[in-house]
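The next block holds one structure in the form of structure tokens; read it before the comments.
The values are calculated or read from the model by the stated rules, or taken from the named source; none is laboratory data. Not measured: the values here are computed from a predicted model. All Cβ positions, glycine included, derive from the backbone under ideal geometry; neighbour counts span all protein chains shown.
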Amino acid sequence: MPTSSETTVVLPAGVDLHARPAAGFVRAAMQFDADIVVASNGREADAKSLIAVLALGARGGSSLQLRAAGADADLALEDLADRVSSLVE
């Protein structure tokens, strides 16, 4: 039975999820054996798709809801939440 997890993290003020941070987020997500969804402002995206993550248009101070299902779900969410929290301008 696959593990499923969910968490919420806030983008640091002044840091938008634009090309560079989004690319790092997607690269990290791709390392995990899990289906990962990131949601913001009523939209959802596959966390392993750069175009989809960029389309969220998440801005600094926005909440990101992270959901994962699969063998690495808990580890993926912990890693991705840490990455988002530590983003800087």
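From Ser40, Ser5, grab the single residue that is farther than 17 Å from Asp74 by Cα, hydroxyl-bearing (Ser, Thr, Tyr) and surrounded by 13 or more Cβ atoms within 10 Å (Cβ to Cβ).
Working: Ser5 fails: farther than 17 Å from Asp74 by Cα.
Step by step, each of Ser40, Ser5 is checked, and only Ser40 is farther than 17 Å from Asp74 by Cα, hydroxyl-bearing (Ser, Thr, Tyr) and surrounded by 13 or more Cβ atoms within 10 Å (Cβ to Cβ).
In the stretch 59-82, is there at least one residue being over 18 Å from Thr3 (Cα atoms), surrounded by 12 or more Cβ atoms within 10 Å (Cβ to Cβ) and either without any contact (Cβ under 8 Å) to a residue 40 or more places away in the chain or among the β-branched types (Val, Ile, Thr) (or both)?
No: the stretch 59-82 contains no residue that is over 18 Å from Thr3 (Cα atoms), surrounded by 12 or more Cβ atoms within 10 Å (Cβ to Cβ) and either without any contact (Cβ under 8 Å) to a residue 40 or more places away in the chain or among the β-branched types (Val, Ile, Thr) (or both).
Return the residue satisfying two criteria in turn: it lies in the stretch 1-43 and is part of a strand (DSSP E or B) and small (Gly, Ala, Ser), and of such residues it is modelled with the lowest pLDDT. Talk me through it step by step, then tell me what you get.
Filtering the stretch 1-43 for residues part of a strand (DSSP E or B) gives 4-10, 35-40, 43.
Adding the requirement that they be small (Gly, Ala, Ser) leaves 4-5, 39-40.
Values: Ser4: 85, Ser5: 92, Ala39: 98, Ser40: 96.
Top of the filtered list is Ser4.
Which residues, taken from the stretch 62-89, are outside any helix (DSSP H, G or I) and touching a Phe, Trp or Tyr at 6+ places or on another chain (Cβ under 8 Å)? Give the derivation first.
Narrowing the stretch 62-89 to residues outside any helix (DSSP H, G or I): 62-72, 86-89.
Result: Ala68, Gly70, Asp72.
What about Ala55, is it crowded, with 17+ Cβ neighbours inside 10 Å and at pLDDT 95 or above?
Working: crowded, with 17+ Cβ neighbours inside 10 Å: no; at pLDDT 95 or above: yes.
Criteria not met by Ala55.
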